[in-house]
Amino acid sequence: AQTVTQSQPEMSVQEAETVTLSCTYDTSESDYYLFWYKQPPSRQMILVIRQEAYKQQNATENRFSVNFQKAAKSFSLKISDSQLGDAAMYFCAYRSARGNEKLTFGTGTRLTIIP
Amino acid sequence: NAGVTQTPKFRILKIGQSMTLQCTQDMNHNYMYWYRQDPGMGLKLIYYSVGAGITDKGEVPNGYNVSRSTTEDFPLRLELAAPSQTSVYFCASSPRTGGTSFGGELFFGEGSRLTVL
């Protein structure tokens, strides 16, 4: 079974600075998706960024980018120019691209932005 | 655009009561899911469905039942509610991933907070 591990329960960053959230996963598959979801206090699950495993290029969405290391099974999220609105729980998630298509989540990292 | 709609948003139950959490999606998605999120934790899969008439268990199915009679609806039934079922419940949906340009993500409802006393 696939597992997703987020080893940082909490992180904090000064406003306007850069922070990196870590995620590792375990799978025997070669074709899959990885995601970062944001959950603010409203508890809505918001997709931040996605990465298809077959793509070597790291995904980027405005201030959010990932460092995808397929061989190391690592998928970190970098937030640049942190803003107060970035404060939330961040969940890393894995989904197989074929057959078993359940989304498996890590336990989350709570990000605090210091003004 | 409604997306995934869950009702109710909040509910308090007494031990032993039963209830149904409703979930409907208007995106014609094949796959639907129910997750629960305990305080400070990630989401755990309760049940999922790959299409009308087909359901399967996830990681934590005990104490719950589901049905999928239509593409749009995927209700979650709690029988004999217990304090351990106090949680936030999320319904989600997605299209098929294979052979499409779809990016694979799930679309989530806003969640239903259930308290069992």
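Each residue in the range A:96-113 was checked for being closer than 12 Å to A:F35 by Cβ and over 11 Å from the mean Cα position of the chain (by Cα), and 2 pass.
The set of residues from the range A:96-115 being of a type in the set (G, A, S) and either assigned to a loop (DSSP other than H, G, I, E, B) or farther than 16 Å from A:A1 by Cβ (or both) comprises A:A97, A:G99, A:G106, A:G108. Candidates in the range B:42-91 are the residues that are surrounded by fewer than 19 Cβ atoms within 10 Å (Cβ to Cβ) and among the basic types (K, R); of these, the one that is farthest from B:S112 (Cα to Cα) is B:K57. In the range A:22-41, the qualifying residues are those that are hydroxyl-bearing (S, T, Y) and either more than 29 Å from B:V88 (Cβ to Cβ) or out of contact with any strand residue (DSSP E or B) (no Cβ under 9 Å at 6 or more places or on another chain) (or both), and the one that is farthest from the other protein chains (Cβ to nearest Cβ) is A:S28. Applying the criterion of being at the interface with another protein chain (Cβ under 7 Å from one of its Cβ atoms) and assigned to a loop (DSSP other than H, G, I, E, B) to the residues of the range B:92-117, the residue that is modelled with the lowest pLDDT is B:G98.
Scanning the range B:19-31 for residues that are modelled with pLDDT under 95 and touching a strand residue (DSSP E or B) at 6+ places or on another chain (Cβ under 6 Å), we see that the one that is farthest from B:G111 (Cα to Cα) is B:N30.
Scanning the range A:66-94 for residues that are closer than 16 Å to A:E29 by Cβ and either crowded, with 21+ Cβ neighbours inside 10 Å or aromatic (F, W, Y) (or both) yields A:F68, A:F75, A:A93, A:Y94.
Cβ-Cβ contacts under 9 Å between residues 6 or more apart (or on different chains), taken from a first residue in the range A:100-115 that is farther than 29 Å from B:S49 by Cα and more than 10 Å from every other protein chain (Cβ to nearest Cβ) to a second residue that is basic (K, R) and surrounded by 18 or more Cβ atoms within 10 Å (Cβ to Cβ), are listed as A:L111/A:K38. Of the residues B:S94, B:S49, B:S67, which is of a type in the set (S, T, N, Q), in contact with an Asp or Glu (Cβ under 9 Å, 6 or more places away or on another chain) and under 20 Å from A:K38 (Cβ atoms)? Going through B:S94, B:S49, B:S67 in turn, just one is of a type in the set (S, T, N, Q), in contact with an Asp or Glu (Cβ under 9 Å, 6 or more places away or on another chain) and under 20 Å from A:K38 (Cβ atoms): B:S94.
When A:V19 is tested against (1) of a type outside the set (S, T, Y); (2) more than 13 Å from the chain's Cα centre (by Cα); (3) away from chain B (no Cβ under 14 Å), just one condition goes unmet, and that condition is (2). Any chance the range A:86-95 includes a residue that's away from chain B (no Cβ under 14 Å) and either part of a loop (DSSP other than H, G, I, E, B) or under 12 Å from the mean Cα position of the chain (by Cα) (or both)? Yes, because at least one residue in the range A:86-95 is away from chain B (no Cβ under 14 Å) and either part of a loop (DSSP other than H, G, I, E, B) or under 12 Å from the mean Cα position of the chain (by Cα) (or both).
The values are calculated or read from the model by the stated rules, or taken from the named source; none is laboratory data. Since this is a predicted model, take the numbers as computed values, not measurements. Cβ coordinates were reconstructed from backbone atoms using ideal geometry, including for glycine residues, and neighbour counts include every protein chain displayed.
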